[in-house]
Amino acid sequence: MSTDRYVSPLSERYASKEMQYIFSPDNKFRTWRKLWIALAETEKELGLPITDEQIDELKAHAEDINYDVAKEREKIVRHDVMSHVYAYGVQCPKAKGIIHLGATSCYVGDNTDIIVMREALCLVRRKLVNVIAALSDFAGKYKDLPTLAFTHFQPAQPTSVGKRATLWLQEFLMDLEDLEYVIGTLKLLGSKGTTGTQASFLELFEGKQEIIDRIDPMIAEKMGFEACYPVSGQTYSRKVDTRVMNILAGIAASAHKMSNDIRLLQHLKEVEEPFEKTQIGSSAMAYKRNPMRSERIASLARYVMIDALNPAITSATQWFERTLDDSANKRLSIPEGFLAIDGILDLCINVTEGLVVYPKVIEKHLMAELPFMATENIMMDAVKAGGDRQELHEKIRTLSMEAGREVKALGRDNNLLELISKDNAFNLGLTELKKAMEPSRYIGRAKEQTEAFLANVVSPVLEKYKDMLGMHSEINV
């Protein structure tokens, strides 16, 4: 680790080696060379005087990038693509005259960007599927454990711990749908020349339109894509980057929402993220168990959501067939957005696999509020016993206010049941009233909804992606 200059924490602390490799110079420049080989093969197959010997020479040096030569050349020409064309030519003297033939810089730059983003999206998909699998297990395990639900973070009608987890699950499933759409519709730029008109190829192939029409489809097939974008300027539309980053921002928003809920539940001591035996929660307060993983998810998620503005603004401000004010921004915003979402998903896998639930605390909190929520059932029972509904409603309202004062102003336990049992209008004893306090009576269809959701929605998804399952993540710090 370098200690005398800035090093991105996304690389040092958060992102996996796998995601870092996808955006590495090795992957980038090896892809450039694969694209040059694909172009040369295509041009040869379409009739240009390129030999098998030249192609074989290019293939022989597709992996061993001579960075030193490229670096020295760039100092002279101030152009990264031409520096690597030169360096490749040094290694391939027989083929140097046909490297990059008819192409412009965006042939390697933009096509590589698309290829790299697709590789990165596929890794994101794999990790997202594993988050969904871990949450599915959690939701199934706790599908019928009653818990206090909240609206406005105020106690509301109970739900189950598992049902709450399905709310997180559903958002991640929506992200997966969006992710699949974007992966499935990504296309290459192809080779369209300096303004997208393929004028250079018109010259190379002596105006033979039917041959030129075959160039992009052949390159796409060689690079593992179904098609190229049908029209472009010099670059592919920067709206593509916007679509990609919006996917990452959506995943970040889902992760942020889940992590916020977990942080609030950890404050309530109901649910807790993993906490290792030697982990320190606070430098001053040794007893503390801070939800640092969930806090980190929220922190990185905010970065990704804001980062999505970069390609949107870049896309909106491109001039005509191209302008170079996208380049520096893309070099930062796209890789760092992916490195950040990679770190987020690793944290999500780690947290969801290790969530700890405290049923006794959950029950305590629920029982403290349940008498208020049971009043409608109590009122119905009292009416059946001969009471007047309107009179009983007013009495419950009055007694609830009194019980609320006991809890809030005096710090005592909720005594609503005792107050009701002492009022003859209800004609219900304390024993009868306590029978109404069975939490499972108040969670509605939470269990059934969770079971149906997992069986009908989640299980088919996990079956579809079963080959991607089984990932586990280690948190560096």
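Values as computed for the structure displayed
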| item | result |
| --- | --- |
| Residue that is surrounded by the most Cβ atoms within 10 Å (Cβ to Cβ), among those in the range 344-360 that are within 19 Å of P9 (Cβ to Cβ) and not aliphatic (A, V, I, L, M) | C348 |
| Given (1) part of a helix (DSSP H, G or I); (2) under 20 Å from P217 (Cα atoms), number of the condition Q54 does not satisfy | (2) |
| Considering residues of the range 210-256 that are outside any loop (DSSP other than H, G, I, E, B) and of a type in the set (K, R) only, the residue surrounded by the most Cβ atoms within 10 Å (Cβ to Cβ) | R243 |
| Selected residue (criterion: nearest to K466 (Cα to Cα)) from residues of the range 79-137 that are aromatic (F, W, Y) and buried (at least 23 other Cβ atoms within 10 Å of the Cβ) | Y107 |
| Residue that is surrounded by the fewest Cβ atoms within 10 Å (Cβ to Cβ) [pool: residues in the range 296-343 that are part of a loop (DSSP other than H, G, I, E, B), out of contact with any helix residue (DSSP H, G or I) (no Cβ under 8 Å at 6 or more places or on another chain) and at negative phi] | W319 |
| Residues that are among the β-branched types (V, I, T) and under 30 Å from T104 (Cα atoms), drawn from the range 304-354 | I313, T314, T317, T323, I334 |
| Close pairs from the range 186-207: first touching a residue at least 40 places away in the same chain (Cβ under 8 Å), partner basic (K, R) and not in a loop (DSSP other than H, G, I, E, B), Cβ under 6 Å, at least 6 apart | L186/R118 |
| E363, sole failed condition from (1) over 25 Å from E406 (Cα atoms); (2) surrounded by 17 or more Cβ atoms within 10 Å (Cβ to Cβ) | (1) |
| Checking S259 against (1) outside any helix (DSSP H, G or I); (2) buried (at least 16 other Cβ atoms within 10 Å of the Cβ); (3) not aliphatic (A, V, I, L, M), the condition it does not meet | (1) |
| Per-region count, the range 402-451, residues of a type in the set (K, R), over 16 Å from A368 (Cβ atoms) and touching a residue at least 12 places away in the same chain (Cβ under 8 Å) | 2 |
| The range 415-455 - residue that is under 31 Å from the mean Cα position of the chain (by Cα) and assigned to a loop (DSSP other than H, G, I, E, B) and, of those, surrounded by the fewest Cβ atoms within 10 Å (Cβ to Cβ) | R445 |
| Residue list for the range 154-203, filter: surrounded by fewer than 24 Cβ atoms within 10 Å (Cβ to Cβ), within 30 Å of E363 (Cβ to Cβ) and of a type in the set (D, E, K, R) | R164, E171 |
| Residue in the range 89-107 that is in contact with a Phe, Trp or Tyr (Cβ under 6 Å, 6 or more places away or on another chain) and over 30 Å from T197 (Cα atoms) present | no |
| Filtered residue count, the range 2-50, keeping only those that are at negative phi, surrounded by fewer than 17 Cβ atoms within 10 Å (Cβ to Cβ) and part of a loop (DSSP other than H, G, I, E, B) | 10 |
| Filtered residues of the range 456-477 (kept if within 28 Å of F275 (Cβ to Cβ) and surrounded by fewer than 12 Cβ atoms within 10 Å (Cβ to Cβ)) | G470, H472, E474, N476, V477 |
| Residue satisfying condition, being among the basic types (K, R) and within 46 Å of the chain's Cα centre (by Cα), within set R397, R389, R412 | R412 |
| Subset of the range 253-276 (residues that are over 18 Å from H365 (Cβ atoms) and either modelled with pLDDT under 50 or among the acidic types (D, E) (or both)) | E273, E276 |
| Residues (of a type in the set (S, T, Y) and under 26 Å from the mean Cα position of the chain (by Cα)) located in the range 230-271 | Y236, S237, T242, S254, S259 |
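The values are calculated or read from the model by the stated rules, or taken from the named source; none is laboratory data. Because the structure is a prediction, the values reported are computed rather than measured. Counting neighbours? That spans all protein chains shown, and the Cβs are built from the backbone with ideal geometry, glycine included.
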